Amino acid sequence: MKPTQLPWPTVRQALLDWFDSQGRDLPWRVGPEGRRDPYRVWVAEILLQQTQVARGQVYYGRFLEAFPDVQALAAAPQDAVLKAWEGCGYYARARNLHRAAGLVAAQGFPQEYADWLALPGVGPYTAAAVSSLAYGEARAVSDGNVRRVLARLLGERQPSENWVQTRADELLDQDRPAAWNEAVMDLGATVCTPKAPACSVCPLRQWCAAYASGEPTAYPAPKKRTAAQQVQAAALLIGDGQAAVLEQRQGTLLGGLFGLPLQELTSQAVTPKEALKQLGTRLNLNTKLVEQAHLLGEISHTMTHRQIQLWVYHLPASAAQQPLTQVASAALSRLDHKALALLDAPPRLL
DNA sequence: AATGCGGGGGT
DNA sequence: ACCCCAGCATT
C-alpha cells in the first residue's frame, strides 16, 4: 500500500487513542495539553537531547530544584550549572542553556517557533517541541523516535533528515499537534523500539510496511559511525580526593568542566613519563619533584568517539605551585572521577 | 553532508 | 561489540 493511500484520519486517531490511554506520565508534562510550562519543557528537551528519558528524568529533578525558574538559572554562575549537569554529557547543552537563559530572563520567553530557533542550543527539534507543547503551535517534531516510527510505517530504509521532517509535517495532527508529537515519541520509545519492537501491541501495526515485511528492525538501516580515536595521556594528581590541583578545560572537549592536568602522548613525548615531565614544566614544578611522582594507576575510558588510556601520577598537596580546588564542588567528567578513584581502591597487580 | 560532542542502556 | 538515545553547532 502506498503511503498516500493510507487512511490518515483513521491512523491518526488510532495513535491518539493509544496515547490517551498508554502515553507516559512524565514530570515535565504538567499543565494542559499544548499549554505546558515553557521553562520546564525547554529544560527537559535540552536534557533529553541524545539522552534516554530514564536518565534525563534524574537530572531534570535535580536541575529544577537547583534552578526552579529561568531567573534563577540566568542568575547562577556557569560553574553551578555545569555542576548540576555533571555526568550527563554533551556539556555544550548546559553552557548554551545557561547563555540562553540570560537572553530569556531579559527579553521574555519566545512566543513562536522561529524565535525559539534563534536561541543558542535550540535547533529544529527543540523549537518544534517547545512551540507545540507549551504554545500549541502546529509544528511537527523530528527526532530519533519519529525517524524510526515513520521509516517503519512507510517502509523507508534510508530516511534522510529532509524525508523525515517532510513526512512528519504531513502527518501532524492539526487539531492536537502537542498530543501527536508526544504520541509518536512515546510509541517510538516504548513500543516501536530499535531492537525488539512490540509489534503485537502496536496501534499502527495493520498499516505498518515494516511489520508487513516481516523484518521491522531492518527499518531504518543502521547509521554508519566513525571509529573511536585512540588517545594516550598522562595526568598528574596533586593533592587528594578532597582537594586537588584542577584545571578548567577549554574548547569543545569537556569544555567548562574541571579536571586533572593532562598531557597527551605525542611524538615529542612517547612515554607516559615523558608526558609527565612536560606536564611538570607547564605547571612550573621543580624537575626533581616531578621525578618523585609515583604512578597511581592506569585508567581506560571510552567517550563514543574516543578511547582514552590514561596514566595517573600522584604528588602530595605540598608540591602544588597553585591553589587547590575542592573536588566535591567542581564539575568533573567521568574520566577525572575514575582517576581520583584510584586513591580509594589502588588496583593490585596480579 | 560529515563530523565532533558524553555517557550509559539494551540486545 | 554494536547500536541507540526527545540533537545541535560547526565545517
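Since every read-out is calculated from the coordinates, none of them should be taken as a lab result. Given the structure is predicted, the values throughout are model-derived calculations rather than measurements. Note that we place each Cβ from the backbone using ideal geometry, even for glycine, and neighbour counts take in every protein chain shown.
Some points to look at:
- Förster radius 45 Å - calculated FRET efficiency between A:GLU65 and A:GLU291, Cβ distance, rounded to 0.05: 0.45
- Ascending count of other beta-carbon atoms within 10 Å, so fewest first, for A:ARG93, A:ARG152: A:ARG93, A:ARG152
- Spin-label pair A:ARG55/A:THR304, simplified geometry with 7 Å Cα→Cβ offset, distance in nm: 0.9
- Note that chain A shows a convex hull volume over its alpha carbon atoms of 170 Å³ per residue.
- GNM top mover of A:ALA178, A:ALA75, A:ALA44 - chain A, alpha-carbon springs below 10 Å: A:ALA75
- Computed over chain A, the per-residue total of -39500 (n - 2.57) for DSSP H runs of n ≥ 4 gives a 222 nm mean residue ellipticity of -12500 deg cm²/dmol, rounded to 500.
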